[in-house]
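Written below as structure tokens is the structure these notes are about.
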Amino acid sequence: NVQRPPYGARGDGVTDDTEALQRAINENTGRHRVLFFPKGIYLISRTLTWPKRWNGMDNWGKTMLRGEARDQTTLRLKDGVFTNAAQPQAIMWCGGFGSADWFHNYVENLTFDVGAGNPGATALQFYSNNSGAVRDCRFIAGPESGAIGLDLAHRDMNGPLLVRHCEIIGFRIGIATGHA
């Protein structure tokens, strides 16, 4: 639970939860654990990343992020943070290290909102090999905001994986797959 110690994310839509969430991700990536996000709005000010190495351990995927309820659990980028449309940045980058050994990753029941004034914002850069899924998620970009909703093309060798019951609102590109 990202709101409980030692993480202490607030999810109040006002407090910057970036550091608390990054710590939770760092400590749980590759551990076959569910990182649970209770209902709330988690304000983010920089890209949350899934590490390949943490505390001397190699991670090989096996990471699950699950919100309590898609419509009530939101990762929201602060307004005016990712302003360069020519160099998009993601709210969350789920790895991808140049090989097909990043297995069993899941992101479920979450809304990713890129906020306002973020034309260079990508909601989620997802990567998983051999199995994995983005399920029951929503990706939101308002006017003048949002480069890509769900980016599956940021690395080669992505998949096979499942994208199911996802809603994309706004964005210049809804889902990037790397295939024409």
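So here's what we get for this one:
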read-out	value
Single unsatisfied condition, residue 79 versus (1) among the acidic types (Asp, Glu); (2) over 17 Å from residue 35 (Cα atoms); (3) in contact with a Phe, Trp or Tyr (Cβ under 9 Å, 6 or more places away or on another chain)	(3)
Residue in the range 136-149 that is modelled with pLDDT of 90 or more, touching a His at 6+ places or on another chain (Cβ under 7 Å) and not polar (S, T, N, Q) present	yes
Residue ID - surrounded by the fewest Cβ atoms within 10 Å (Cβ to Cβ), chosen from residues in the range 38-58 that are within 16 Å of residue 68 (Cα to Cα) and touching a Ser or Thr at 6+ places or on another chain (Cβ under 6 Å)	39
Top-ranked residue in the range 1-19 [being touching a Lys or Arg at 6+ places or on another chain (Cβ under 8 Å) and of a type in the set (Gly, Ala, Ser); ranked as surrounded by the fewest Cβ atoms within 10 Å (Cβ to Cβ)]	13
Selection within the range 38-82 - over 20 Å from residue 149 (Cα atoms) and at pLDDT 95 or above	38, 39, 40, 68
Residues of the range 151-167 satisfying the condition of being out of contact with any Cys (no Cβ under 9 Å at 6 or more places or on another chain), of a type in the set (A, V, I, L, M, F, W, C) and surrounded by 14 or more Cβ atoms within 10 Å (Cβ to Cβ)	152, 153, 161
Residue, surrounded by the fewest Cβ atoms within 10 Å (Cβ to Cβ), within the range 169-180, restricted to residues that are assigned to a loop (DSSP other than H, G, I, E, B) and not β-branched (Val, Ile, Thr)	180
Residues located in the range 60-79, provided they are open to solvent by 60 Å² or more (accessible area, probe 1.4 Å), part of a loop (DSSP other than H, G, I, E, B) and not basic (Lys, Arg)	60, 68, 79
Within the range 131-180, tally of residues that are among the basic types (Lys, Arg) and touching a strand residue (DSSP E or B) at 6+ places or on another chain (Cβ under 6 Å)	3
Inter-residue pairs, beta-carbon under 8 Å, first in contact (Cβ under 8 Å) with a residue 24 or more places away in the chain and within 26 Å of residue 80 (Cα to Cα) and in the range 47-58, second in a strand (DSSP E or B) and small (Gly, Ala, Ser), 6+ apart	47/90
Subset tally (residues that are in a strand (DSSP E or B), within 22 Å of residue 61 (Cβ to Cβ) and either of a type in the set (A, V, I, L, M, F, W, C) or in contact with a Pro (Cβ under 6 Å, 6 or more places away or on another chain) (or both)) for the range 149-168	3
Checking residue 122 against (1) crowded, with 21+ Cβ neighbours inside 10 Å; (2) part of a loop (DSSP other than H, G, I, E, B), the condition it does not meet	(2)
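Okay, residues lined up against (1) open to solvent by 10 Å² or more (accessible area, probe 1.4 Å); (2) in a loop (DSSP other than H, G, I, E, B):
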site: 81; (1), (2): yes, yes
site: 85; (1), (2): yes, yes
site: 92; (1), (2): no, no
site: 105; (1), (2): no, no
site: 117; (1), (2): yes, yes
site: 134; (1), (2): no, no
site: 146; (1), (2): no, yes
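The values are calculated or read from the model by the stated rules, or taken from the named source; none is laboratory data. Worth saying up front: this structure is predicted, and the values here are computed from it rather than measured. Quick reminder, even Gly has a Cβ in these numbers, built from the backbone with ideal geometry, and neighbours come from all protein chains shown. We work out accessible area using only protein heavy atoms, side chains counted, and drop any ligands, DNA or RNA first. Shrake-Rupley method; radii C 1.70, N 1.55, O 1.52, S 1.80 Å.
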